[in-house]
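The values are calculated or read from the model by the stated rules, or taken from the named source; none is laboratory data. The structure presented is a predicted model; accordingly, all values stated were derived computationally and were not measured. Cβ placement follows ideal geometry from the backbone for every residue including glycine, while neighbour counts extend to all protein chains displayed. We work out accessible area using only protein heavy atoms, side chains counted, and drop any ligands, DNA or RNA first. Shrake-Rupley method; radii C 1.70, N 1.55, O 1.52, S 1.80 Å.
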Amino acid sequence: MRSEIAILGGRSSDLSNSLSSYRHLPRAASPLSSDDTTQRVRQQSLIQRFNDMFSQDRLDAMDTLRRYSDDHENNQRIISIALNESFTAAKLAFRTFKSKVRTNLSVTHIGPETLEEAVQDYINRNTDLYDLPALVSDVVRALNRNLKVSLPPDVSYNVMSSFIREACKMAWQMSALAHTLDIAIATDAELFDEYKYRRSYDSEYTAPLVNHHIWPCMMQGTRVLVKGEACTRRGASLTSPRRSRSPTRSYSPNRSFSPVRARSRSPSPRRSGSSLSGSGFRSSSRGSPSPRPFTASTTLSSY
C-alpha cells in the first residue's frame, strides 16, 4: 500500500512539475488542426497498432483463454468486452486528466494561442501521464460484473492482463489526439452493418442479425477507418447464456412449501352427505347414511 501511494504521489508531483515548467513554443500549425503533423503521424501509427492487436494480440489472448475454457464463443466475447471496457476506462480517466490540465493552465495562460490549443499542446508532449495499473484493474472489475461472459471459478481475468494493458495504452493514446479515434457502439442482436463489419468465417451469411462481436469498428466521428468483425447467426437475440444457470427451478427462501397446500383435496364425508341429501338422498336418523334414490312415488308425495 505504501509503495502504491508513493507511486501515485510521484505521478501527481510529475504532473505538477511539468505544468509549472510548461512553456509554449511557436508552431507552424495549430495543434487542434487536422493537418497537424503530430495528429497525422500518431493517427497512422494507432491505426496500424489497432490492426496489429487484431491479428496478433487477440490471437495470443485467445490461446491463453483456451487453456481455461473450451467455449470458443465465450472467449471471443471476453476479448471483445475487454476491449470495450478498456476504451471506457481510458476515456473516463483521460477526461479527468484533461480537465485538471485545463484548470491548472488557465491560471497562468496569457497567450498568444488559445487555452484549448495550449491544453492540446501540453497533452501532445505528455501522453504517458496516466495510471496504467488502475485502468487494468477497472477493466478486470468490469469483466467480473458482466453476466454475458464467464471463466471457471478458480480463474481470474488477470490471465489476460497483458492484452488488457495494451488495449488501455492504445485507448488512452487515441483519446489524447486532437481529433480522437474511438470504437463504434455495438450490441448483440443488432442489424448487421456491412459498412462497419465483416462476417467471421463461422457466420451464417444469410442471417441479418449479429450474434456477437469479435472485434470492434474503429471510427473518427462518423467516418469508418477500420472495419470490425462480427458473427451473424439466425435466431440471434439479446438473451445470452448467463454465468450461472440452475437446471431446476429454485424456490424463494421467503416462501415455505406447505405439504397441506400441495396435496390434493378430497371431498369431506359430511359435505358429501349434506350435498347429496339436499339433492334427493336422505340420511338415516341413526347416523349411517342410507341413500334413497328418487322414484315416482317419492316425487309425487313431496307435492
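Numbers below:
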| quantity | calculated |
| --- | --- |
| Those residues of region 144-161 which are surrounded by fewer than 20 Cβ atoms within 10 Å (Cβ to Cβ) and in contact (Cβ under 8 Å) with a residue 60 or more places away in the chain, in sequence order | ASN146, LEU147, LYS148, SER150, PRO152, VAL155, VAL159 |
| Enumeration of residues in region 27-59 that are touching a residue at least 12 places away in the same chain (Cβ under 8 Å), open to solvent by 60 Å² or more (accessible area, probe 1.4 Å) and small (Gly, Ala, Ser) | SER34 |
| Count - residues of region 88-112 that are open to solvent by less than 30 Å² (accessible area, probe 1.4 Å) and either among the basic types (Lys, Arg) or touching a Ser or Thr at 6+ places or on another chain (Cβ under 8 Å) (or both) | 2 |
| Condition met for ASN126 (open to solvent by less than 40 Å² (accessible area, probe 1.4 Å) and within 30 Å of ALA29 (Cα to Cα)) | yes |
| Residue identified as part of a loop (DSSP other than H, G, I, E, B) and either free of Cβ contacts under 8 Å to residues at least 60 places away in the same chain or under 22 Å from LEU181 (Cβ atoms) (or both) among ILE110, ILE123 | ILE110 |
| Looking only at region 162-189, and only at residues there that are within 20 Å of the chain's Cα centre (by Cα) and of a type in the set (Val, Ile, Thr), the one that is most open to solvent (accessible area, probe 1.4 Å) | ILE185 |
| Unmet criterion (only one of (1) without any contact (Cβ under 8 Å) to a residue 24 or more places away in the chain; (2) within 31 Å of the chain's Cα centre (by Cα); (3) open to solvent by less than 30 Å² (accessible area, probe 1.4 Å)) for LEU132 | (1) |
| Filtered residues of region 40-82 (kept if among the polar types (S, T, N, Q) and in contact with a His (Cβ under 6 Å, 6 or more places away or on another chain)) | SER80 |
| LEU83 in contact with a Pro (Cβ under 7 Å, 6 or more places away or on another chain) and either in contact (Cβ under 8 Å) with a residue 40 or more places away in the chain or open to solvent by 30 Å² or more (accessible area, probe 1.4 Å) (or both) | yes |
| Tally, over region 159-218, of residues that are over 23 Å from ASP60 (Cβ atoms) and out of contact with any strand residue (DSSP E or B) (no Cβ under 7 Å at 6 or more places or on another chain) | 10 |
